[in-house]
Every structure is written in C-alpha cells, then in structure tokens.
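Asker: Next up is a structure, given as structure tokens.
Just so it is clear, none of the values below were taken in a lab; they were calculated from the coordinates. Here the structure is a predicted model, which means the values were calculated and not measured. Quick reminder, even Gly has a Cβ in these numbers, built from the backbone with ideal geometry, and neighbours come from all protein chains shown.
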Amino acid sequence: MDVITLKQEIIEYSKTIGIDKIGFGSADVFEELKERLKVQQQLNFQSGFEESDIEKRTNPELLLPSAKSIIAIALAYPSKMKDAPQSTKAERRGIFCRASWGEDYHHILRDRLQKLEAFILEKVPHARLKSMVDTGELSDRAVAERSGIGWSGKNCAIITPEFGSYVYLGEMITTIPFPPDTPIEDQCGTCNKCVEACPTGALVQGGQLDSNKCVAFLTQTKGFLPEEYRVKIGNRIYGCDSCQTACPKNKGLDFHLHPEMEPDPEVVKPLLKPLLQISNREFKETFGPISGSWRGKKPIQRNAIIALAHFKDESAIPDLLQVLKEDPRPVIRGTAAWALGKIGREEVLEDLQKANEREKDEEAQREITASIQVLLEKGLA
C-alpha cells in the first residue's frame, strides 16, 4: 500500500465533500496533554462535560487497537449574520454564540467523516477507523494541533492561518501509517487580548481555562447561577464569543462555505420574552436543529430571564411575575425573582412577598427574599 499516494488522494477527495482543511498526525500518546489534564483535574478546572478518563483522552490506541495515525478535519463557519434583527427597547433579544448557528455541527462533521471513511475503506478494505466529533474521548484541539490544522491559541481554541478560530473540528483514528504533517508554530506571541477580554477571568492565563468560570460553560448549566456571574452574561443565552472576537487573527474573517451552517436570525438572536413561556414542543421545533439546544430549554429560559434583567426590561415584568407564580421549576422561579429585583420596580414588592409565603424551595426562597430586600432598600433610600 502506497500511503503517500493514498494520503494525497484523501486530501483531494476531502475538498470535494466540503472539508475545508485536513491534516494527518501520529497516533502516539499525547504526553504533554496528559500532564496538562492532570493539572486541570487537580485545580478543578474541568467542566464535567469532558471524558473523565485521562488515559482515554490521551492514548488513541485505547480507543482503536493498532492505531497508527489520526486524520484531523476542520470546517469553517460564519462569523457574521446576514439581516440580523435589532434588539430594541420594546423587543429585547438574546444571542447564541457563533459556533451554534445553523444546523448542529455534530451532524455536519459526522456526515463528512462518514464520507471520508467510506472513501478510505473503498481503497483499503482491511483498514480500521474510528471517527469522533466533540463528544469523543480525544481532545479535538490536541489532535488538530498535532496534525497541522492550526496552533492552540491563548484562548484555548485552534487558530488556523486561513479561517482563524472559526472552525469546527473532528478527527478519525486509523490503522493506516500515514506520514504526519508538520504542526504550525504558535503565532500568538505577546498578544494577550483574549485573556483580557474574558468576562469572568476564566482564562487564567494564556492556554489555561477554568471551565467552571467560562461563560460558555455557565450558560449550559441547569441550576442557579452564582450571582457574581449573572451580571457578566449580559444577553448571551448560549455560549460566548468574547475570546474569539477579541483575537486579532479573527479580524475581518467571515466564511459562508456551507449552506447548512447559515443561521436563521430569528432563531439565533431570539426575542427574550416569548422564551419564558415556550412549550417543549415549540422549543424542539424552533431550536432542536441547532447545537445550542442540547441541554434543553431550562438553561435557555434561565439565561433569557438574566438577559431581561441585564436590559432592566420593565415591559417584561408581567411575564416574570407569571413565571414566579406559575412555573414548576425552582431555578426558573428564583431567577425570575432575582430579575424583578434587578429591574427594580417597587410595585412588584407585594407579588414577591406573596411568592415568598408560598415558596417551598429553599434556594428559590433565598432569591425571593434577597429581591424583597433590594426593593425595600430602594424604597427607603
């Protein structure tokens, strides 16, 4: 088997199926990554969404015996939205991060990897392959870095020379000994703009992320958000782009290479108030096709309430009072109470006091009590 010729054929074929960049790396153990992950675990910087077994995250042969190489792929996604609706005082809107615009990228990348697998198996029927996207055990970023897709930036994203960090990543472990590509030299230099732009200080230093403070992670949690982070989220209802938009390597980059990645402006920049009462069926029909829906509607609704508080949207008071009175979920009731306190209209004081009397959940009750105190102090000032 002429692996050099096969590699070139795969590269050429990848261009015909909508893969924007492809690279090849060895299937050796990721020793440096292993040590970094141990430190992350010791510092409790992991989000909990990752594979917990560090050996599986760093040793490809545990996932595919006799692994010899890994193929990394990257697809560029848009950074600008066409015909974006404006958020107005009467109709406030939230925003999904760019990586969740368009069709769920997991489906898009799996489609490309499946086509690539079929092509390889047609050429080498005895080969064994294992593909993964995002939720697999391996670190997409470490694979992409080793395979020459881009360098690992201080913002903990892969930055490509062609597309910046606006790329989705996927990989395929193979038993074919492809010659590896050369990794790209780090080009961040002394720039520290992403670290400085992080709203919560989650970027502890260049290349080190405390996931528990990251807004992108926080917007995906389902419980009460610590108050110190609520004021940092703004109108983000899923994800965060701050460390990407601050990056000079992303300046002016905007690629519209894949129709299925084009966002529906009304979906990814939705009106906030309607989200508070959206049914499960409506949520699934509207947001189900995008990756930002994977945690369900509860985090999105909680974040929408926080966004309304961010805007101090007095027109949302009736909606928030309805949520406070009728929603069966303590997190949503309590966050609505907090928002009412932040909006700061004293006429809701009586409603909050009644809610406090009937509330059975301790955390929700604490939120209601705190908001009552805020309004009382406002009234006494």
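Asker: Based on alpha-carbon centroids, what's the gap between the range 232-288 and the range 54-87 in Å, whole number please?
Answerer: Taking the Cα centre of each part, the range 232-288 and the range 54-87 sit 19 Å apart.
Asker: Continuing with the same structure: If I build a Gaussian network model for the chain, linking alpha-carbon pairs within less than 10 angstrom, which residue out of ASN356, ASN59, ASN280 has the largest mean-square fluctuation?
Answerer: Of the options given, ASN280 has the highest mean-square fluctuation.
Asker: Compute the distance in nm between two label points, each set 7 Å from the Cα along the Cα-to-Cβ direction, one at THR190 and one at GLU282.
Answerer: 5.4 nm
Asker: Still on this structure, please answer the following. Can you sort CYS156, CYS243, CYS198 by how many other beta carbons sit within 10 Å, fewest first?
Answerer: Result, fewest neighbours first: CYS156, CYS198, CYS243.
Asker: Give me the extension gain from VAL3 to GLU314: residue separation times 0.36 nm, minus the current Cα-Cα distance, reported in nm with one decimal.
Answerer: On the way: separation 311, 0.36 × 311 = 111.96 nm, distance 6.53 nm.
Computed gain between VAL3 and GLU314 is 105.4 nm.
Asker: Per-residue ellipticity at 222 nm for the chain, helices alone: DSSP H runs ≥ 4 residues times -39500 (n - 2.57), over residue total, nearest 500 deg cm²/dmol?
Answerer: Taken over the chain, the calculation gives -12000 deg cm²/dmol.
Asker: While we're here: Excluding GLU162 itself, what net charge comes from residues whose Cβ is under 12 Å from its Cβ, given Lys and Arg +1 and Asp and Glu -1?
Answerer: +1
Asker: Straight-line reach from LYS56: which lysines have Cα under 28 Å away, leaving out those fewer than 8 places along the same chain?
Answerer: Once the sequence-local lysines are set aside, what remains near LYS56 is LYS7, LYS21, LYS34, LYS38, LYS68, LYS115, LYS130, LYS154, LYS213, LYS222.
Asker: Let me see the P(r) profile for the chain: every Cα-Cα distance counted, bins of 20 Å, each bin given as a percent of all pairs.
Answerer: 26, 51, 20, 3, 0
Asker: Name the cysteines of the chain that stand alone by the Cβ rule: no other cysteine Cβ under 4.7 angstrom.
Answerer: CYS97, CYS156, CYS188, CYS191, CYS198, CYS214, CYS240, CYS247
Asker: Something else now. Considering only lysines 8 or more places apart in sequence, or on different chains, count the pairs in the range 271-378 whose C-alpha atoms sit under 14 Å apart. Write out the running numbers ahead of the final one.
Answerer: Numbers: LYS273/LYS297; LYS273/LYS312; LYS284/LYS297; LYS284/LYS298; LYS312/LYS342; LYS325/LYS354; LYS325/LYS360; LYS342/LYS378.
Value for the range 271-378: 8.
Asker: For ARG230, what is the net charge nearby, where nearby means another residue's Cβ is under 10 Å from its Cβ and Lys, Arg count +1, Asp, Glu -1?
Answerer: Values: positive: LYS232, ARG302, LYS342; negative: GLU227, GLU228.
Taking every other residue near ARG230 into account, the sum is +1.
Asker: Related question: In vacuum, with every alpha carbon of the range 264-370 counted as one equal point scatterer, what does the Debye formula give for log10 I(q)/I(0) at q = 0.14, 0.22, 0.25 Å⁻¹? Two decimals, please.
Answerer: Results for the range 264-370 at q = 0.14, 0.22, 0.25 Å⁻¹ read -0.53, -1.13, -1.36.
Asker: Let me ask something else. Please report TYR229, TYR77 as a ranked list, fewest other C-beta atoms within 10 angstrom at the top and most at the bottom.
Answerer: TYR229, TYR77
Asker: With a/c under 1.5 counting as rounded, go ahead and sort the range 1-120 into rounded, prolate or oblate using the C-alpha gyration tensor (a ≥ b ≥ c being the square roots of the eigenvalues; past the cut-off, prolate if a/b is larger than b/c, else oblate).
Answerer: oblate
Asker: Can you tally the net charge around PRO263? Count Lys and Arg as +1, Asp and Glu as -1, for every other residue whose Cβ sits under 14 Å from the Cβ of PRO263.
Answerer: -4
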